[in-house]
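Data first, discussion second: the structure below is written as structure tokens.
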Amino acid sequence: MSPNEMKKLAAKAALEYVEPGAVIGIGTGSTVNHFIDLLGTIKGKIDGTISSSETSTERLKALNIPVYDLNAVGEIPLYVDGTDESNHYLQLIKGGGGALTREKIIAAASRKFVCIADQSKLVDVLGEFPLPVEVIPMARSHVARQIVRLGGEPVYREGFVTDNGNQILDVHGLSIMEPAKLEGQLNNIPGVVTNGLFAIDPADVLILGTPEGANTVY
Ligand code: 5RP
């Protein structure tokens, strides 16, 4: 079975968490795209969505699924998003698609974060996937030097601008033994907007697509 088919299985299993009349937080990426397409088949059942990126917004709107401003709604019952890596504590590395800041905001504003992925995303130790860090453009070199001090090898994602008008450093060479500690350390560097570790506040549920079906990891 291909990774894409496994992503689709995970997305389908996440539909079970959708409650009638709810506003749903929507992440970004190829796995979430499957979830958006499935939402299109039950759009009369939900109130609408909060989107984490211009790309997801475009896809939602093409399916006539309402997209609301986060400031216009209260606490969101459910957030569904993919991941680049998850450890067994459901701590994640996200941001391969560059949408990490809005993703982290919506995850924080949601009661339950259901993460969907193909089985290859589950790892013992985070860090093989380069950790994305969104930075204010003028601070990029300063932040990069601080990241080197922390043992990482930052690489500027050239030609990429986030939906917030910022830049991304992808940090290679990390074997992240204390994800929550590193998340806090990176957040404390002036110029860092967000880093892609979702460890202080991990996912609540991880659904992995496998050749045998969708496996839910709590
Ligand atoms: C985007 C993300 C995505 O969730 C992550 O990159 C996984 O993407 P995909 O579902 O395409 O494998 O964090 O910023």
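Only the coordinates and a few stated rules stand behind these numbers; no lab work does. Owing to the predicted nature of the structure, the values given are computational and were not obtained by experimental measurement. Here the Cβ is made from the backbone with ideal geometry for all residues, glycine too, and neighbour counts use every protein chain on show.
Tabulated data
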read-out: Listed residues N71, N87, N187, most fluctuating in the chain (Gaussian network, C-alpha, under 10 Å); value: N71
read-out: Cα centre as origin, Lys/Arg/Asp/Glu Cβ charges: region 79-171 dipole, Debye; value: 380
read-out: Under 5 Å, built H, 5+ apart or other chain: amide partners of D118; value: G209
read-out: For Y68, residues with placed amide H under 5 Å, excluding near neighbours; value: T49, I50, S51
read-out: Lys pairs under 15 Å by Cα in the chain, provided they are eight or more residues apart or on distinct chains; value: 7
read-out: Most mobile of I36, I105, I65 in a GNM of the chain (Cα contacts under 10 Å); value: I105
read-out: Mean separation of Cα contacts under 8 Å (6+ apart) over length of region 1-75, as relative contact order %; value: 29
read-out: Using θ = phi - 60° and Karplus 6.51 cos²θ - 1.76 cosθ + 1.60, couplings along region 22-39 (whole Hz; Gly, Pro as x); value: 7, 9, 10, x, 10, x, 9, x, 5, 6, 5, 4, 5, 5, 4, 4, 5, 4
read-out: Phi to ³J(HN,Hα) by Karplus 6.51 cos²θ - 1.76 cosθ + 1.60 over region 153-161, Hz, x for Gly, Pro; value: 10, x, 10, 5, 7, 5, x, 10, 10
read-out: Residue of I136, I207, I26 that the Gaussian network model of the chain assigns the largest fluctuation, springs spanning Cα pairs under 10 Å; value: I136
read-out: CD proxy at 222 nm, helix term only [per DSSP H run n ≥ 4: -39500 (n - 2.57); per residue of the chain; nearest 500]; value: -8500 deg cm²/dmol
read-out: Cut-off under 5 Å, modelled amide H: who pairs with I46 long-range; value: G21
read-out: Summed side-chain charge close to G173 - residues other than G173 whose Cβ falls under 14 Å, Lys, Arg +1, Asp, Glu -1; value: -2
read-out: Region 128-206 versus region 1-47: alpha-carbon centroid distance in Å; value: 28
read-out: Descending principal axes extents, the chain, alpha-carbon based, whole Å; value: 51, 39, 29
